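Have a look at the structure below, then the notes.
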Amino acid sequence: MIIENTIAAFVELGNFKTILLMLVGVAGGLIAGAIPGFTIAMAIVLTLPFTFGMPPSMGLATMVSVLVGGLSGGLMAGILTGIPGTPSSVATTFDGFPMARNGEPGLALGIGVWSSFCGGIISAILLMTLAPHLARVGLEFNPWDYFMLVMFALTITASLSGKNMIKGLIAGAVGLLVRTVGEDEAVGMARFNFGNDALLQGFDFIAVLIGLFAFSQLLNDVRDPKIAKKALTERGVVKVRIEHRRAIVEVLKRWTIVVRSSLIGVFTGILPGAGGSIANILAYDQAKKASKHPEKFGTGIADGIIAPESSNNAVEGGALIILMALGIPGDVTAAVMLGALLIHDIIPSPSFITDEPVLAYSIFIAFFIATFMMIGMQSFMLRVFVLVTRVRMYVLASVILGFCGIGVFALHNVTFDLWTLLWFGILGFVMRHFGFPLAPMILGVVLGNIAELNLARALAITSDLSPFVTRPWSLFFLIIAVFSALFPLYVGQREKKKTWTVFFMPVACFAASIPLFMMGGSARTVLAAIVLCFGFYQLWRRWQNGWRFEAEK
Amino acid sequence: MQRLNRDAIIAIILLAFCGVFFLSSFDIRQPDYGVLMPSTWPRVVIGVLAFLSVLYLIQSTSAGAEAIEDDKYDAEHTRGPGFRGWLGHWRNPLWCFFLFFLYLLSLPILGMLIGGITFVYVLMGVLGGWDGNKPILHAVFAFATIGGMWSLFTFGLGVLLPPGMILGQF
């Protein structure tokens, strides 16, 4: 079955037009990812309108290509200029820039490119193998479980997206409220349209995404008049040749770092709310801790480039696993990918892979092909990157604002969407200024109707609310939502050495094991026992340390 | 203290926003069928938002002024006094909003091609200046990029973009 679907997907993608579009997508992603101040999500958002008229497999392959290109583009700016192109390549600059300054920019770029390639391939393999299995688990979910899964995705995104958890939760709630505007999907009654007929259709979710993310980001980029008039990078970019052969040898010598960092990336991607910006720092930190020479990190060593670059490319594989298996976007980029699926009338759910196997495998295969294309195009795009760095920020921002207008209108040929773009651009800018994270709001907008529809379905089955706490999956998501909501408080109070924080993780393990035991089956019972034992182990360690954390001793 | 008030004011605005939406939720028609009424879910969300806004208000009034961080731009740039100082501080974003607003208002007349080129050209001039050969360069950029994109959508993807009154006559 897997082989049949894989071959069918290759046939689906194996036409000149799709391959050409994928090449353009990778090239565009590489450049967008390399430009400091532009994000991968923004690049994908701006690609969306172009894919509208394409067949689903072609459109989605193009989007995946932009995604893969964008993930790898950040390293060019980070290594050559010391300014990370995207937040997910911050840690790459720690050793990449020093190595380039030490006279080996070609090797630094080569190591970055090949680490990205390995991370991408490992995550693509995991995507192809794990997503169908996870989708089978997802088939067990009932409306109560789905509702709680959405609540968990929102709380964890809010808790991971900023210093102030309340601001994150407020942003998420505003997103949910925005999604209620217009006719409700269950019975079709008008809500919050304030007498305006245009509002009956609600805010178009792509226009909201582009407004919140791209429009507000561009305004932020040109906010400082002096910076707006500067070229994208004032630092001279030297002419370099990527040293592929030496780089491959260096990467292969450190295959353990590649595998470990890729796994960190995939599992960070699976976790809703945690994206490449967390994964690359986490992988860098783990590589440093595992190294025999941690003092050399930051001076320009290969390990310090391999770890972040393998992990940040692996993240999106993880996010796509959750998106394709459960229909829940793990981060903003995956939320935009969900938007791409929705405009092609595809609703990701646990049955998506079984119902649309060719399309699902086309996405998997596109991820693979795009990773290979990225390697081939990196050297060429490096020259384009040098040209792009000469463009002034205000020129780029003005042109892209113009593109945003055309792109948003082209989606549905509705002028009201352009006004949505403007109002949400202003809202996004104001929210950024006041320190409200945008990721929870975007997830709120994306997941709002999924939450409401599942709540309606649950209540249509029974008006009894007890299944929310008696069904194992629902209880599981409720428990981890509560503990993830409390996590920022725990981290803050742990620094102040509050006694209750010693019990936080063990209690979380005990609580999470209850629904796992309730699920039954041998695998889940064993997993529950492991979680329970881990909780007891932590408790025992803290008891041994006189009810303190080990680090304090 | 000024910074502290800023967050408290946002919390109060959020509470007022919740109030408006809560009152508006009574205008939603309730059908005789269905278990989850159309107003129930919005009211739940408004309730949660109001609760969080109250927590935010308490947090902002109880935390010291130093606990509230300025964003990077505000921290590095001191704002001039009065309304003119505020305008100067927010000059570029305000221009972007204003010009985009004008672009949308003029869309039925200028259409997306002429309106788009004009918007990008004027915005580049306002943000980057009009000195030297910039006006010519900006015109070339605006014409090539927006014209190219308009052509791609119109001829390549077959999307009918608003022609406006001027081009609509042809």
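Any read-out appearing in this document is the output of simple, stated calculations on the displayed coordinates, not a laboratory observation. Given the structure is predicted, the values throughout are model-derived calculations rather than measurements. Note: ideal-geometry Cβ built from the backbone for every residue, glycine included; neighbour counts use all protein chains shown.
Taking the square roots of 5 times each eigenvalue of the Cα gyration tensor of the protein assembly as shown, largest first, gives ellipsoid semi-axes of 37, 34, 28 Å.
Subtract the Cα-Cα distance of A:Leu200 and A:Val249 from 0.36 nm times their separation in residues, and report this length gain in nm to one decimal.
Numbers: separation 49, 0.36 × 49 = 17.64 nm, distance 5.96 nm.
This chain segment gains 11.7 nm when fully extended.
So which of A:Lys167/A:Lys498; A:Lys253/A:Lys292; A:Lys289/A:Lys496 end up more than 18 Å apart, counting from Cα to Cα? Please list the in-between numbers first.
Numbers: A:Lys167/A:Lys498 24 Å; A:Lys253/A:Lys292 15 Å; A:Lys289/A:Lys496 25 Å.
Checking Cα-Cα distances, A:Lys167/A:Lys498; A:Lys289/A:Lys496 exceed 18 Å.
In a reduced charge model with +1 at each Lys and Arg Cβ and -1 at each Asp and Glu Cβ, the range A:470-552 shows a dipole moment near 120 debye about its Cα centre.
For the range A:338-362 and the range A:454-506, what is the separation of their Cα centres, given in Å? A separation of 30 Å, based on Cα centres.
How large is the Kirkwood hydrodynamic radius of the range A:470-552, in angstrom, based on all distinct alpha carbon pairs? Can you show the working numbers first?
On the way: mean 1/r = 0.0740 Å⁻¹.
Radius from the Kirkwood sum: 13.5 Å.
Backbone geometry of the range A:307-312 corresponds, through the Karplus equation with coefficients 6.51, -1.76 and 1.60 at θ = phi - 60°, to 3J(HN,Hα) couplings of 4, x, 6, 5, 6, 5 Hz, x marking Gly and Pro. Kirkwood radius for chain B, taken over all pairs of different Cα atoms as the inverse mean of 1/r, rounds to 21.1 Å. For A:Ala302, no residue has an amide H sitting under 5 Å from its own, ignoring neighbours fewer than 5 places away on the same chain, with H placed 1.01 Å from N.
Can you sort A:Val395, B:Val44 by how many other beta carbons sit within 10 Å, fewest first?
B:Val44, A:Val395
Please report A:Ser262, B:Ser39, A:Ser72 as a ranked list, fewest other C-beta atoms within 10 angstrom at the top and most at the bottom.
On the way: A:Ser262 30, B:Ser39 22, A:Ser72 34.
If I rank by nearby Cβ atoms, fewest first, I get B:Ser39, A:Ser262, A:Ser72.
Exposure proxy shown here: for A:Arg191, B:Arg91, the number of other Cβ atoms within 10 Å sets the order, fewest to most, as B:Arg91, A:Arg191. Taking 25 °C and 0.890 mPa s as conditions, the range A:120-196 diffuses translationally at an estimated 156 µm²/s according to Stokes-Einstein applied to its Kirkwood radius (Cα pairs). With the charge dipole of the range A:470-552 set up from +1 on Lys and Arg Cβ and -1 on Asp and Glu Cβ about the Cα centre, the Cα lying farthest toward the positive end among the listed residues A:Gln538, A:Ser522, A:Gln493 is that of A:Gln493.
Computed from phi, the 3J(HN,Hα) profile of the range B:102-107 under the Karplus parametrisation 6.51, -1.76, 1.60 (θ = phi - 60°) reads 5, 4, 5, 5, 8, 4 Hz, with x in place of Gly and Pro. Evaluated with a Cβ-only charge set (Lys, Arg +1; Asp, Glu -1), the range A:124-247 carries a dipole of roughly 1180 debye about its Cα centre, given to the nearest 20.
Pairs of alpha-carbon atoms within less than 8 angstrom and 6+ residues apart define the contacts here; what relative contact order does the range B:88-168 have, in percent? Write out the running numbers ahead of the final one.
On the way: 63 pairs, mean separation 33.9, N = 81.
Once divided by the residue count of the range B:88-168, the mean separation gives 42 percent.
Computed from phi, the 3J(HN,Hα) profile of the range A:487-497 under the Karplus parametrisation 6.51, -1.76, 1.60 (θ = phi - 60°) reads 4, x, 5, 4, 4, x, 6, 5, 5, 8, 6 Hz, with x in place of Gly and Pro. Size estimate for the range A:379-490 follows the Kirkwood approach: the inverse of mean 1/r over distinct Cα pairs works out to 19.0 Å. Every Cα-Cα pair of the range B:88-168 was included, and the share exceeding 19 Å stands at 43 percent.
Across peptide B:97-106, the mean count of Cβ atoms from other chains lying within 10 Å of each residue's own Cβ comes to 3.
Entry note, the range A:470-552: relative contact order of 31 percent, from Cα contacts under 8 Å with a spacing of 6+ residues. Remark: relative contact order (chain A) = 25 percent; criterion is Cα-Cα distance under 8 angstrom and separation of 6 or more residues.
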